[in-house]
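Every number in this text was worked out from the coordinates using simple rules, so none of it is lab data. Computed from a predicted model, the values in this text were never measured in an experiment. Neighbour counts are summed over all protein chains in view; Cβ atoms, including those assigned to glycine, are modelled from backbone coordinates with ideal geometry.
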């Protein structure tokens, strides 16, 4: 019975992620603050705040692998490295400091974009960019303000519904 609930849980989370990917496809047509909204860091950290550390890390790794296969980046495994780091920090924040919810989602969104931005700054530095930190911070800030204020609450609501549904199923397994 446990295996069925685990498959159900992963199926719901993947369905929610698929909805976010569709939203990202529509967001590609928008430009806010000179940047396109970038949902993938949120997709890696918001589920990590609402579920176990292991599940959140595994979901972030899968999200990172998907992004590395989907998005052209010069460094192989760029998102596969940055998203799990962000998810582990997000999971720690939600367990120790803030309960999972909207405020926690905003805080971990800052963390996700900061970690992703740090990785980009490091790449710019290795490429010989004359001002890698300013370039990376400028890009990260524009993506953050184009994404988080509007889309973080929607993704938090979506993944809260999924997390509550899967917890209900786990609590009531075997009672039918």
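Its alpha carbons considered, the range 54-112 gives a radius of gyration followed by a Dmax of 12.2, 36 Å. Once Rg and Dmax of the Cα atoms in Å is calculated for the structure shown, the corresponding label among (1) 16.6, 64; (2) 16.2, 48; (3) 15.2, 48 turns out to be (1). For the range 1-28 versus the range 94-146, the inter-centroid distance based on Cα atoms is 24 Å.
Among 68, 129, 51, a tally of other beta-carbon atoms within 10 Å of each Cβ gives an order, fewest to most, of 129, 68, 51. Between 105, 91, 131, the Gaussian network model of the chain with springs among Cα atoms under 10 angstrom shows the greatest mean-square fluctuation at 131. Mean-square fluctuations from a GNM of the chain, with a 10 angstrom spring cutoff on Cα atoms, peak among 57, 128, 141 at 128. Considering only 161, 75, 21, the mean-square fluctuation computed in a Gaussian network model of the chain, springs between alpha carbons under 10 angstrom, is largest for 75.
What's the FRET efficiency of residue 167 with residue 28 using the Cβ-Cβ distance as r and R₀ = 30 Å, to the nearest 0.05?
On the way: r = 33 Å, r/R0 = 1.11.
E between residue 167 and residue 28, to the nearest 0.05, is 0.35.
Residues 55, 83, ranked from the fewest to the most other C-beta atoms within 10 Å, line up as 55, 83.
Between the Cα long axis of helix 132-171 and the first principal axis of the chain there is an angle of about 0°, rounded to the nearest 10.
How big is the Kirkwood radius of the range 20-92, worked out from every pair of different alpha carbons and given in Å to one decimal?
12.6
Taking other Cβ atoms within 10 Å as a rough exposure proxy, 13, 79, 138 sort from fewest to most as 138, 13, 79.
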